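A short worksheet on the structure shown next.
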Amino acid sequence: MLDQVVLIAAVTVLGLLEQAYFSLMVIYARRKYSVSPPATAGPPEFERIYRAQVNCSEYFPIFVFSLWLAGVFFSQGMAVFIGLLYLYGRFLYFHGYAESSEGRLEPLYFCAKVQWALIALAGLGIICTMTEVYLGLDMFHTLSHVVGFTEHS
């Protein structure tokens, strides 16, 4: 069982480290721009860094749940690959937003597409698993045949 989730767990830990990095960047920005907690307003440079971190934190639970569901019910390899793309996109988003409000847009759209792909894989995996468990239909085999991954048997 562990070999089926170890890579998903590794991407999850990488995501946690990325979240910690974003939090540290806010701490450094607070010191640099003299914005003491609990204040969240300050120079635009601080506010962009703060908002980037908050936005990334707001979406992190959705990412983690969809990563795990896609990895367990669809494909660990695909979930890990897409999860790594998402984390890379979030890194670009954070630094783009820190530079300018417009700098966040392209990475934001990229992350949204990648996140929806994870959600779609999770949903598809759960539906296929439910049809196999409750209806005896192997939808994974049928779908892989339809898209040409397997020969007709």
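Structure data summary
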quantity: Accessible area in square angstrom per residue, the range 1-124, 1.4 angstrom probe; calculated: 56
quantity: Relative contact order of the chain, defined on C-alpha pairs under 8 angstrom at six or more residues apart (%); calculated: 22
quantity: Dipole magnitude of the range 10-153 about its Cα centre (Cβ charges: Lys, Arg +1; Asp, Glu -1), debye to nearest 20; calculated: 580
quantity: Distance from the range 2-21 to the range 74-142 (C-alpha centre basis), Å; calculated: 15
quantity: The chain - percent of accessible surface contributed by carbon and sulfur, probe 1.4 Å; calculated: 69
quantity: Pair residue 21, residue 59: separation of 7 Å Cα→Cβ label points (nm); calculated: 1.6
quantity: Rough spin-label spacing in nm, given labels placed 7 Å along Cα→Cβ, for residue 127 and residue 39; calculated: 5.1
quantity: Listed residues 22, 82, 108: farthest to the positive end of the dipole of the range 10-131 (Cβ charges); calculated: 22
quantity: Under the span-like rule (Cα at least 30 Å along the axis, Kyte-Doolittle mean at least 0.5), DSSP H helices of the chain; calculated: 6-33, 76-99, 105-135
quantity: Max mean-square fluctuation residue, GNM over the chain, Cα-Cα springs under 10 Å, options 135, 17, 108; calculated: 135
quantity: From the coordinates shown, Rg and Dmax of the Cα atoms in Å corresponds to which of (1) 18.4, 68; (2) 19.3, 68; (3) 15.9, 51; calculated: (2)
quantity: For the chain, built as a Gaussian network whose Cα springs stay under 10 Å, the top-fluctuating residue of 122, 39, 112; calculated: 39
quantity: Per-pair calculated FRET efficiency, R0 = 22 Å: residue 75 and residue 142 via Cβ, rounded to 0.05; calculated: 0.90
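The values are calculated or read from the model by the stated rules, or taken from the named source; none is laboratory data. Quick caveat, the model's predicted, so the values are computed rather than measured. Here Cβ is always computed from backbone atoms with ideal geometry, including for glycine, and neighbour counts include all displayed protein chains. All accessible areas refer to the heavy atoms of the entire protein, side chains included, with ligands and DNA or RNA removed. Shrake-Rupley method; radii C 1.70, N 1.55, O 1.52, S 1.80 Å.
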